[in-house]
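Novice: Sending over a structure as structure tokens; questions will come in a sec.
The values are calculated or read from the model by the stated rules, or taken from the named source; none is laboratory data. What you see is a predicted model; the values in this text were computed from it and never measured. Note: ideal-geometry Cβ built from the backbone for every residue, glycine included; neighbour counts use all protein chains shown.
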Amino acid sequence: MADLDLRLVRYFTVVAEHQHFGRAAEALLTTQPSLSRQIRRLEQQLGARLLDRTPQGSRLTAAGEVFLPRAKALLKSAAQTAAQVRAAAEPGRCTVGFITGIIVTPAVQELRRRHPDTEVQAVHLSWDEPRAALLDHRVDAVVARLPFPTGELDVSVLYDEPRLLLVPLGHRLVGRESVTVDDIADEPLPRMAGDDSAAWDAFWRLDPRPDGRRAPDGPVIAAIEDKLELVADGRSLAISAGGLRAHSLRPDITAIPLEGVEPSHVVLATRADDKSRLVADFRKIARARLTGPGE
């Protein structure tokens with residue numbers, strides 16, 4: 001069996017990503033000759049050439065193409081194993097992730113009260129981080145809005161929020177008690193950048209619409225917070241959730257209830273195989289204490 005050095009495996013994945021030894025060496029804070037020697041050591045361990053140099057940089061050999069996805073899986077598995085071991089060695093820690101607009105304070109405080117010797121903290125996550133943060137053991141529980149990938153997770157709905165339409169002051173819909181999808185049929189809505197954006201776009205852009213038409217394309221954004229500026233600037237409308245109070249902090253935007261659409265589901269997610277007593281207690285606390293927006 002090959003006695004693989006994980007450090008060398010990581011070096012290989014960085015060279016494969018940059019397709020250039022010089023740029024990879026800069027990213028790894030090492031020198032190009034040293035990096036070349038490390039890659040040769042890995043190739044010797046595997047008994048196969050992984051990379052060919054070209055005038056433009058480097059490219060994967062046939063063996064390198066086979067090894068790359070396995071190398072990434074190996075590094076991910078090693079990181080998860082290390083995190084699991086640390087978690088087992090430090091059972092008195094629990095980290096709760098949450099996304100923008102979600103309040104987890106009552107549940108976090110209750111868990112801390114019940115376990116005074118436990119280090120309990122809450123950390124903010126981006127819209128596309130819940131699953132990765134859980135599987136990488138950066139957090140032990142997440143409270144977030146669907147949709148997001150839920151494979152390998154235990155997910156339960158805590159409460160529903162009606163969806164709202166965000167419009168700038170002076171818009172033709174300001175003053176309406178509620179609106180429907182027909183009222184915004186031709187209005188552009190922001191699109192989210194990222195690999196997991198398809199499900200987000202389908203839900204938060206109502207794309208496709210109930211009649212099968214595609215939603216008009218709006219600006220591409222990288223973060224949820226960017227849409228507020230787009231709305232205030234009059235470049236787009238946006239669909240959100242969280243209750244009318246949550247959108248009263250910005251005076252140049254108003255929120256209108258959006259009728260006739262599925263509500264937003266706020267969920268608690270944990271790792272499906274997590275048997276931690278602290279996580280089990282947090283599940284119970286969250287279901288009892290997090291029952292609505294701002295509660």
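Novice: Is there a residue in the stretch 60-71 that is in a helix (DSSP H, G or I) and of a type in the set (D, E, K, R)?
Specialist: Yes, that holds for at least one residue.
Novice: Also: Between residues in the stretch 181-195 that are of a type in the set (Val, Ile, Thr) and residues that are part of a loop (DSSP other than H, G, I, E, B), which pairs lie under 7 Å by C-beta distance while being six or more apart or on different chains?
Specialist: Within 7 Å, the pairs are 181/206; 181/209; 181/210; 181/260; 181/261; 184/237.
Novice: Could you pull out the residue among 211, 207, 233 that is surrounded by fewer than 16 Cβ atoms within 10 Å (Cβ to Cβ), free of Cβ contacts under 8 Å to residues at least 24 places away in the same chain and acidic (Asp, Glu)?
Specialist: Every option except 211 fails the conditions.
Quick grid of which residues meet (1) closer than 24 Å to residue 148 by Cα; (2) in the same structural domain as residue 149 (by TED's automatic domain parsing); (3) touching a strand residue (DSSP E or B) at 6+ places or on another chain (Cβ under 7 Å):
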residue: 169; (1), (2), (3): no, no, yes
residue: 175; (1), (2), (3): no, no, no
residue: 178; (1), (2), (3): no, no, yes
residue: 182; (1), (2), (3): no, no, no
residue: 192; (1), (2), (3): yes, no, yes
residue: 213; (1), (2), (3): yes, no, no
residue: 224; (1), (2), (3): yes, no, no
residue: 228; (1), (2), (3): yes, no, yes
residue: 237; (1), (2), (3): yes, no, yes
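Novice: Return the total of residues in the stretch 1-41 being farther than 12 Å from residue 57 by Cβ, part of a loop (DSSP other than H, G, I, E, B) and over 27 Å from the mean Cα position of the chain (by Cα).
Specialist: Qualifying residue count for the region: 8.
Novice: Given the options 143, 104, name the one that is in contact (Cβ under 8 Å) with a residue 12 or more places away in the chain, closer than 23 Å to residue 80 by Cα, touching a Phe, Trp or Tyr at 6+ places or on another chain (Cβ under 6 Å) and surrounded by 15 or more Cβ atoms within 10 Å (Cβ to Cβ).
Specialist: 143
Novice: Sticking with this one: List, please: which pairs have Cβ atoms under 8 Å, are six or more places apart or on different chains, and start with a residue in the stretch 52-72 that is under 15 Å from residue 32 (Cα atoms) and end with one that is among the basic types (Lys, Arg) and assigned to a helix (DSSP H, G or I)?
Specialist: 57/23
Novice: Which of the residues spanning the stretch 256-266 are within 19 Å of residue 102 (Cα to Cα) and surrounded by fewer than 20 Cβ atoms within 10 Å (Cβ to Cβ)?
Specialist: Answer for the stretch 256-266, where residues must be within 19 Å of residue 102 (Cα to Cα) and surrounded by fewer than 20 Cβ atoms within 10 Å (Cβ to Cβ): 257, 262, 263, 265.
Novice: Residue 227 passes all but one of (1) in a helix (DSSP H, G or I); (2) within 30 Å of residue 136 (Cβ to Cβ); (3) free of Cβ contacts under 8 Å to residues at least 40 places away in the same chain; which number fails?
Specialist: (3)
Every residue, every condition in (1) modelled with pLDDT of 95 or more; (2) touching a Ser or Thr at 6+ places or on another chain (Cβ under 7 Å); (3) of a type in the set (Phe, Trp, Tyr); (4) over 22 Å from residue 177 (Cβ atoms), yes or no:
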position: 234; (1), (2), (3), (4): no, no, no, yes
position: 251; (1), (2), (3), (4): no, no, no, no
position: 266; (1), (2), (3), (4): yes, no, no, yes
position: 276; (1), (2), (3), (4): no, no, no, yes
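Novice: Which of (1) under 30 Å from residue 287 (Cα atoms); (2) touching a strand residue (DSSP E or B) at 6+ places or on another chain (Cβ under 7 Å); (3) hydrophobic (A, V, I, L, M, F, W, C) is the odd one out, the single condition residue 198 does not satisfy?
Specialist: With respect to (1) under 30 Å from residue 287 (Cα atoms); (2) touching a strand residue (DSSP E or B) at 6+ places or on another chain (Cβ under 7 Å); (3) hydrophobic (A, V, I, L, M, F, W, C), residue 198 is out only on (2).
Novice: Looking only at the stretch 103-128, filter to residues that are in a loop (DSSP other than H, G, I, E, B) and acidic (Asp, Glu); which one of those is nearest to residue 267 (Cα to Cα)?
Specialist: Taking the candidates together, the pick is 128.
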